[in-house]
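One structure below.
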Amino acid sequence: MDESLPTPVTLHIFRKLMSWRGRFHICDSDGMMLYECVGKWGWFNPPWVLTRDGLEVAVFKRKLWTWLSTWNVSMGEDSFQLRRKSWTLRRHILVEGGPFDGAVMTGSLFDRQFEVTWRGRVLARAQGKFLTLRERHDIEVLDHSPQAVLFIAVLMANLLMEKQAEHDSHSSGAD
């Protein structure tokens with residue numbers, strides 16, 4: 001076995017049960033919480049904030065009046081957009097701008113598996129859990145740099161935000 005290859009970092013993201021505004025936790029393989037994502041209060045277009053140890057590391061704001069789901073993300077000095085690709089059966093999120101410009105997150109048909117690629121290499125793979133009370137994904141991060149781990153956390157948090165928005169729109173449309 002080749003000892004020079006580092007073992008992948010594993011993250012676990014899950015929606016907190018009984019959270020009024022929506023709250024996601026991202027933990028490491030030991031169960032230590034690394035990031036928390038919380039929907040902030042707002043009248044019209046409330047932002048989501050990703051924190052680490054109580055410090056804000058990313059802010060998400062949905063872009064209004066667009067045909068495709070688009071989120072503006074700011075991470076300190078860097079900002080970029082996460083844009084959903086149209087006319088596909090599987091979820092495709094394109095990254096425009098920022099240090100990972102051109103990265104793509106591609107999902108499986110039922111949103112249980114995901115892969116993040118950038119410049120021809122795989123940055124991470126995610127596997128959703130079945131038969132759980134809350135939305136949960138296990139993420140294998142293949143690039144260990146702190147920027148890549150944070151970027152993957154941002155993408156997976158955005159995935160759960162998208163799913164929350166889809167669930168909310170289906171719930172309100174069913175009434």
If we ask which residues in the stretch 62-91 are more than 21 Å from Phe44 (Cβ to Cβ) and either touching a Phe, Trp or Tyr at 6+ places or on another chain (Cβ under 7 Å) or acidic (Asp, Glu) (or both), their number turns out to be 2
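Here is a yes/no grid of residues against (1) touching a strand residue (DSSP E or B) at 6+ places or on another chain (Cβ under 7 Å); (2) at pLDDT 95 or above; (3) polar (S, T, N, Q):
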position: Arg62; (1), (2), (3): yes, no, no
position: Ser69; (1), (2), (3): yes, no, yes
position: Val95; (1), (2), (3): yes, yes, no
position: Gly102; (1), (2), (3): yes, yes, no
position: Arg125; (1), (2), (3): yes, no, no
position: Phe130; (1), (2), (3): no, no, no
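Name every residue in the stretch 52-75 that is loosely packed, with under 15 Cβ neighbours inside 10 Å and over 20 Å from Val104 (Cα atoms), in order of residue number.
First, the residues of the stretch 52-75 that are loosely packed, with under 15 Cβ neighbours inside 10 Å: 53-56, 63-68.
Correct list: Asp53, Gly54, Leu55, Glu56, Leu64, Trp65.
Which residues, taken from the stretch 32-51, are open to solvent by 50 Å² or more (accessible area, probe 1.4 Å) and either β-branched (Val, Ile, Thr) or within 25 Å of Val141 (Cα to Cα) (or both)?
Within the stretch 32-51, the subset open to solvent by 50 Å² or more (accessible area, probe 1.4 Å) is 32-33, 40-41, 43-44.
Selection gives Met32, Met33.
Could you list all residues from the stretch 51-79 that are over 17 Å from Ala165 (Cα atoms) and within 14 Å of the chain's Cα centre (by Cα)?
Kept after step one, since they are over 17 Å from Ala165 (Cα atoms), are these residues of the stretch 51-79: 51-58, 74-79.
Across the stretch 51-79, the qualifying residues are Thr51, Val57, Ala58, Ser74, Met75.
Of all the strands (runs of 3 or more DSSP E) wholly in the stretch 78-118, which have at least 1 residues that are charged (D, E, K, R) and open to solvent by 50 Å² or more (accessible area, probe 1.4 Å)?
Working: elements: 78-84, 92-96, 104-107, 113-118.
Output list reads 78-84, 92-96, 113-118.
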The stretch 57-71 residues that are touching a residue at least 40 places away in the same chain (Cβ under 8 Å) and of a type in the set (D, E, K, R), paired with ones that are part of a loop (DSSP other than H, G, I, E, B) and open to solvent by 10 Å² or more (accessible area, probe 1.4 Å) (beta carbon under 7 Å, 6 or more apart)
Arg62/Asn45
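The values are calculated or read from the model by the stated rules, or taken from the named source; none is laboratory data. Because the structure is a prediction, the values reported are computed rather than measured. Note that we place each Cβ from the backbone using ideal geometry, even for glycine, and neighbour counts take in every protein chain shown. Side chains included, ligands, DNA and RNA excluded: accessible areas come from the protein's heavy atoms. Shrake-Rupley method; radii C 1.70, N 1.55, O 1.52, S 1.80 Å.
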